Amino acid sequence: MTLRPCVEESKNWDNTENLYIEGDNLDVLKLLQESYLGKVKMIYIDPPYNTGNDFVYRDNFTRDKDEYEEEAGVYDEDGDRLFRNTERNGRFHSDWCNMMYPRLVLARSLLRDDGVICISIDDYEIDNMRKICGEVFGESNFVAQIIWQRKYAVSNDDPGIASMHEYIIVYQKSPVFARNLLPRTEKQLVRYRNLDNDPRGDWSSDNYISNKSRYERPTLWYPIIHPKTGEEVWPDENAVWRYSKEKHEQMVRENRLYWGPDNSYERPRIKRFLSEVQQGVVPSTWWAFEEVGHNDEAVKETATILGKKVFSTPKPVRLLKKILFICSSNDCYVLDFFSGSATTAHAVMQLNAEDGGNRKFIMVQLPEPCPEGSEAAKAGYANICEIGKERIRRAGEKIKADNAGKEGIDDLDTGFRVLKLDSTNMRDVYYAAGEYTQDLIAMMEDNIKDDRNDMDLLYACLLDWGLPLSMPHTKEKIGGFTVHTYNDGDLIACFDKNISDVVVREIAKHHPLRAVFSDNSFSSSPEKNNVEEIFKLLAPNTSVRVI
């Protein structure tokens with residue numbers, strides 16, 4: 001398998017660092033292992049929930065692929081890759097778990113040591129998902145099980161107890177992960193004022209009395225002096241001061257006690273200065289819809305951008321933005337391998353526009369056909385990938401328009417490179433001796449499939465060498481031959497036939513880390529050997545490969 005670039009469906013191909021990959025996410029995750037091993041900061045997925053109506057990928061690792069697919073009927077007459085996992089299936093839960101487990105194993109290896117995965121899930125499979133993640137990531141790396149209030153009203157026709165929430169479970173790759181604090185809201189900031197013109201700035205007051213009793217903390221039960229009356233002040237009979245007597249005296253010296261206007265309070269309160277508290281709010285596990293949106297908001301967002309309700313189960317952008325804010329960093333890779341309507345990509349671009357970040361997204365989605373007669377099909381979308389790509393295009397333009405005039409907005413990366421999963425670029429050369437004919441031998445003089453071009457070969461080399469797929473790429477003519485330069489010399493390639501020594505020498509003079517040519521770039525073995533000699537002379541540290 002390989003990934004083939006599709007420049008015509010991409011946006012800002014030459015400059016973007018974002019990726020949109022079409023194909024079975026299991027195969028794609030395998031292909032990304034070398035290029036993105038330990039490089040992804042955050043993964044978010046919203047997998048099929050296994051409610052009996054959702055489609056699930058059918059994978060098998062014990063039989064020949066063709067044999068299994070013929071027997072199990074993986075593909076229908078239209079080539080669909082998914083099957084509906086109904087509750088009548090005797091392996092209802094195990095099929096779903098078998099689908100999720102290998103994908104999570106591969107995903108874990110892509111995470112940085114300080115990386116984290118966030119998974120949206122509902123009541124049907126939350127227990128199984130926790131068990132799978134405990135095995136893959138380690139139970140000690142569990143971070144949180146967040147409750148998201150996905151609905152704002154109970155359905156009157158609900159026959160049971162209405163479900164109003166879903167979960168987002170969070171696992172870290174290792175204890176190195178550190179969550180970010182949320183910004184304080186205006187409601188939280190209004191509590192901080194400077195009632196006594198303290199030079200340290202705004203503060204809020206807190207209780208100076210602890211709820212422990214004098215018998216539990218006898219050393220914290222002592223009198224203090226009221227600054228106005230000069231009389232002794234004691235905590236309540238069943239309470240104590242928050243600090244020891246020595247610490248209290250320090251508080252007095254540092255003017256950290258507040259006795260009210262004109263020292264009118266009977267007992268003091270302690271001043272908490274905004275400049276000294278954490279610069280943000282610790283996230284909690286309860287996320288109300290007022291804060292992060294709900295299902296209806298998500299559907300309307302998608303409809304507003306695409307013109308119709310073409311996707312029935314998106315997540316709200318506000319929800320993804322909060323996850324990104326807590327779990328990602330300003331300059332990192334964000335992966336979503338159940339991309340769906342590409343809400344994650346939308347949220348990445350939106351948050352980058354707001355905080356000036358440089359997060360890069362990698363979206364992976366199977367091109368699942370839109371059902372005939374659906375709103376998506378009526379709108380002209382052949383599959384879910386078409387919906388996701390169009391949403392990214394339109395969302396990016398809207399974000400730039402909404403932020404017109406903002407410093408740096410013109411540099412916001414709203415593009416993406418489209419790559420599509422396909423079979424290998426190389427011909428199948430496994431034939432029995434009796435099958436070889438003169439015509440077959442002539443055809444095999446070129447080991448590359450007829451429908452593949454130099455861009456296909458280049459990106460296959462990037463995967464083989466473990467290079468990221470989103471780096472700058474230039475193409476130029478040297479002596480009439482096409483030469484590709486990737487990331488300013490990480491790799492230079494020429495796949496044209498019968499290339500000249502002039503081209504080889506010009507490539508060698510740039511001292512690339514890697515140089516690659518096609519086998520049919522040379523008409524004979526001596527010419528191929530000559531290339532090796534040229535590089536030994538002009539660029540001895542370059543790794544040279546012929547495919």
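No value in this document is a laboratory result; all are computed from the given coordinates. Note that this is a predicted model, so its numbers are computed, not measured. Because the Cβ atoms are built from the backbone with ideal geometry, glycine has one as well, and the counts that use them run over all protein chains shown.
Data table
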item	result
Highest average packing first - 205-214, 289-298, Cβ atoms within 10 Å	289-298, 205-214
Distance from region 175-230 to region 508-526 (C-alpha centre basis), Å	70
Label-point separation in nm, Ser109 to Glu266, each point 7 Å along Cα→Cβ	6.8
Region 202-321: relative contact order as a whole-number percent, Cα under 8 Å and 6+ apart	23
Size of electric dipole in region 186-273: Cβ of Lys, Arg +1 and of Asp, Glu -1, about Cα centre, debye, nearest 20	320
Among (1) 26.6, 80; (2) 30.7, 112; (3) 24.2, 90, the entry that matches Rg and Dmax of the Cα atoms in Å as calculated here	(2)
Simple spin-label estimate for Asp331 and Asp519 in nanometres, 7 Å along Cα-Cβ	4.2
Additional length obtainable on full extension of the chain from His511 to Arg191, 0.36 nm per residue less Cα span	109.1 nm
Euclidean distance of C-alpha centroids, region 451-494 and region 1-41, integer Å	15
222 nm mean residue ellipticity, helices alone, for the chain (DSSP H n ≥ 4; -39,500 (n - 2.57); rounded to 500)	-9000 deg cm²/dmol
Cβ crowding within 10 Å averaged over residues, with 386-393, 517-524 ranked highest first	386-393, 517-524
Length-normalised contact order of the chain in % [C-alpha pairs under 8 Å, at least 6 apart]	19
Trp286, Trp234, Trp259 arranged by Cβ crowding within 10 Å, fewest neighbours leading	Trp286, Trp234, Trp259
